[in-house]
Amino acid sequence: VDAFQAWCGPCKTVVDLFQKIRNEVDSDLLHFAVAEVDSIDALEKYRGKSKPVFLFYAGGELVTVVRGANAPSLQKTILEQL
């Protein structure tokens with residue numbers, strides 16, 4: 001989940017990376033979503049941050065968090081979590 005604030009918006013570069021990885025991996029286990037933290041109370045702790053936060057869930061549980069739009073780190077984390 002790309003957790004973003006309305007004043008910043010989702011990171012377009014990362015959305016492109018997600019689409020590329022999704023096409024390469026071709027797994028039904030991999031899903032991407034974006035969530036505006038200002039409108040979701042459960043994501044309140046991520047408000048007021050100047051860099052994007054990426055939340056990784058498995059089985060409905062948060063398993064890891066990546067802070068910042070670091071494409072190599074995001075790609076590594078995605079592949080490790082799969």
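The values are calculated or read from the model by the stated rules, or taken from the named source; none is laboratory data. Just so it is clear, the model here is predicted, and its values are computed rather than measured. Every residue, glycine as well, gets a Cβ built from its backbone with ideal geometry; the counts of neighbours run over all protein chains shown. Accessible surface is based on the protein model in full, side chains and every heavy atom, while ligands, DNA and RNA are left aside. Shrake-Rupley method; radii C 1.70, N 1.55, O 1.52, S 1.80 Å.
Per residue, the solvent-accessible area of the chain (1.4 Å probe, heavy atoms of protein chains only, all protein chains present) comes to 65 Å². In this simple spin-label approximation, Leu29 and Lys51 carry label points 7 Å from Cα along the Cα→Cβ vector, and these lie 2.8 nm apart. Adding -39500 (n - 2.57) for every DSSP H run of four residues or longer, then dividing by how many residues the chain holds, sets the calculated 222 nm ellipticity at -9500 deg cm²/dmol. Can you tell me, using C-alpha contacts under 8 Å and at least 6 residues apart, the relative contact order of the chain as a whole percent? It rounds to 33 percent for the chain.
How far is helix 71-81 tilted, in degrees, relative to the longest principal axis of the Cα atoms in the chain, given as a value from 0 to 90 rounded to the nearest 10? The two axes meet at around 70 degrees. Modelled spin-label separation between Ala58 and Leu79, with each label point placed 7 Å from Cα along the Cα-to-Cβ direction: 1.6 nm. What angle do you read, to the nearest 10 degrees and between 0 and 90, between the alpha-carbon axis of helix 12-25 and the longest principal axis of the chain? Long axis of 12-25 versus the principal axis of the chain: about 30 degrees. Each Lys or Arg adds one and each Asp or Glu subtracts one; over the other residues with Cβ under 13 Å from the Cβ of Gln75, this totals 0. Taking the DSSP bridge list for the chain and keeping only pairs wholly inside it, about 75 percent are antiparallel. Of the heavy-atom accessible surface of the chain (probe 1.4 angstrom), what whole percent is carbon and sulfur? In the chain, the share of accessible area belonging to carbon and sulfur is 50 percent.
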